[in-house]
Amino acid sequence: MKKTIQIKNVTIGEGIPKICVSVIGRTREEILTQTEAAVAQKPDLLEWRADFFEECMEETAVSETMEMVKERLGEIPLIFTFRTAREGGNRQISTKNYVNLLTAAAKAHPDLTDVELKMEGIKESGLIGRLQSEGICVIASNHHFEGTPQVEEMLSILGEMELSGADILKLAVMPQSTQDLLKLLYVTEYASRRTEHPLITMSMGGCGALSRIAGEQFGSAVTFGAVGEASAPGQIPIAELREMLEKLHEFGGRP
């Protein structure tokens, strides 16, 4: 039976894909301003991309800022993400510092935390289990900004994520052609029928836009929309994204 994840009032893994908006401010003031702008658009989830924060390596600053973000979110679940430069993020970081940062951030109790599963030493660190023991839902993620892996490799990555014990599996790739988009959609459809875990998949850039709106049909549970500056190539403004998702749901869900 397909497993769903309940975070506050949001059920991830059924119905229309949930819309997440990312906050990428560099200062606390920018972060809070972007959070308020995002909340006004009523996303299902909000992701704080802490790798953009100028004080991201200061544990106290991260915790205090997260508390302020949470106060403004109300019942909207918060994803804490530090995207490394290796996977398209804004900052380089060692595995040790990455583990320490995510462990420290857990004390401020985000609802979900993104963990880059392919980082060297992450599986051995016990980070996923540690976060889950704090009541945090873990998203195992892997990002390919340079291209789209072959089908077999993408399926292997998702299988590795499933074995890691993470709650949600996330894979993002960059298409070089329509064929690459079709590969990602095939992998999503195939994997979603075989795993109990909710999937988040996307083909980035303009060529991959279809993957951001057809998650219900292919098996991706969350999509990322933009309020202001996009955090990744190809994100669609949230109002237009919501309208597209609702229209696709109205005229034909997944068989």
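Tally the residues that are assigned to a helix (DSSP H, G or I) and either among the aliphatic types (A, V, I, L, M) or farther than 20 Å from residue 168 by Cα (or both), restricting the search to segment 215-246.
Residues that pass the stated criteria total 9.
Report, ordered by the first and then the second residue, all pairs with beta carbons closer than 7 Å, sequence separation of six or more or different chains, a first member in segment 136-164 that is touching a residue at least 60 places away in the same chain (Cβ under 8 Å) and closer than 12 Å to residue 200 by Cβ, and a second member that is in a helix (DSSP H, G or I) and not basic (Lys, Arg).
That search, which allows pairs on different chains as well, returns 143/87.
Which of (1) under 23 Å from residue 166 (Cβ atoms); (2) at pLDDT 95 or above does residue 27 not meet, given it meets every other one?
Among (1) under 23 Å from residue 166 (Cβ atoms); (2) at pLDDT 95 or above, residue 27 violates only (1).
Among the numbered conditions (1) out of contact with any helix residue (DSSP H, G or I) (no Cβ under 8 Å at 6 or more places or on another chain); (2) in a strand (DSSP E or B), tell me where residue 42 comes up short.
Here residue 42 clears every test but (2).
Considering each residue of segment 50-65, count those that are over 19 Å from the mean Cα position of the chain (by Cα), among the charged types (D, E, K, R) and assigned to a helix (DSSP H, G or I), and give that number.
Number satisfying all stated conditions: 2.
The values are calculated or read from the model by the stated rules, or taken from the named source; none is laboratory data. Predicted model only: the values in this text are computed from it and were never measured. Cβ: placed from backbone, ideal geometry, glycine included. Neighbour counts: every protein chain shown.
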